[in-house]
Structure formats: structure tokens, C-alpha cells
Amino acid sequence: MDGYPSELTAAATFDAKRAILSKRDMFRPLAVGRTERLADALGGKKVRGETPVLVLEREGEALALLTSEMIFHHVAQGEWNGTPFLATF
């Protein structure tokens with residue numbers, strides 16, 4: 001993946017002065033209250049095979065978030081395997 005910044009590079013070049021902060025949230029964060037194995041969601045026809053997802057990986061475990069949900073909310077947060085997480089899109 002040449003040409004893409006590493007996590008350290010991206011963090012080192014983040015300019016907090018460019019952040020747009022307000023007292024009112026424009027989009028309500030997606031509160032992830034429960035998760036389900038993707039294989040189960042596919043098998044139960046809750047998610048189609050061609051549905052776009054964003055995949056997070058932590059310690060060999062993967063979490064898929066529906067891209068359609070993230071397009072609206074822009075932020076997902078919750079607890080995953082006992083550890084809080086926050087994902088932005």
C-alpha cells in the first residue's frame with residue numbers, strides 16, 4: 001500500500017486547527033449496542049453479500065459496519081470485546 005500514510009504519519013500530520021467543532025452535533029453518532037457475526041447476518045439474509053461494509057480489525061478480530069449507516073452518522077462508537085471503540089468515516 002505504498003502512497004498511503006501509516007497511522008503514525010497520519011497522526012503526526014493531523015492539524016487540530018482545521019477541526020470544525022460546534023456545540024450542536026450535525027449528525028447523531030451511531031451507538032453500537034450489539035454486534036453479530038457477519039457470517040450469521042449474511043446467512044440470516046440481514047445483509048446481502050454485495051452490501052458495502054467498513055471493516056475494523058483489532059487483535060485478529062474483525063468488526064464490519066454498514067457503509068450506508070456510516071455515510072449518515074459519520075461516527076460509530078460502542079464497546080467491542082470489552083474495549084470501547086470509536087470509528088469515523
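Some notes on this structure:
- Test: residue in region 56-73 that is at pLDDT below 80 and among the basic types (Lys, Arg): no
- Within region 56-70, residues that are farther than 20 Å from THR83 by Cα and open to solvent by 60 Å² or more (accessible area, probe 1.4 Å) have Cβ atoms under 7 Å from residues that are at pLDDT below 85 and not in a helix (DSSP H, G or I) in these pairs: GLU69/LEU30, counting only partners at least 6 apart in sequence or on another chain.
- Verdict on THR35 being open to solvent by 70 Å² or more (accessible area, probe 1.4 Å) and more than 11 Å from PHE89 (Cα to Cα): yes
- Positions within region 7-55 being at pLDDT 80 or above, more than 22 Å from GLU79 (Cα to Cα), among the small types (Gly, Ala, Ser) and not in a helix (DSSP H, G or I), in sequence order: GLY44, GLY49
- THR83 vs. criteria touching a His at 6+ places or on another chain (Cβ under 8 Å) and modelled with pLDDT of 80 or more: no
- Top-ranked residue in region 52-89 [being under 12 Å from PHE27 (Cβ atoms) and among the aromatic types (Phe, Trp, Tyr); ranked as nearest to the chain's Cα centre (by Cα)]: PHE89
- Of the numbered criteria (1) outside any helix (DSSP H, G or I); (2) under 29 Å from ALA19 (Cα atoms); (3) of a type in the set (Ser, Thr, Tyr), the one SER68 fails is (1).
The values are calculated or read from the model by the stated rules, or taken from the named source; none is laboratory data. Predicted model only: the values in this text are computed from it and were never measured. Reconstructed Cβ throughout: ideal geometry from the backbone, glycine too, with neighbour counts over all protein chains shown. The area values use the complete protein model at the heavy-atom level, side chains included, leaving out ligands, DNA and RNA. Shrake-Rupley method; radii C 1.70, N 1.55, O 1.52, S 1.80 Å.
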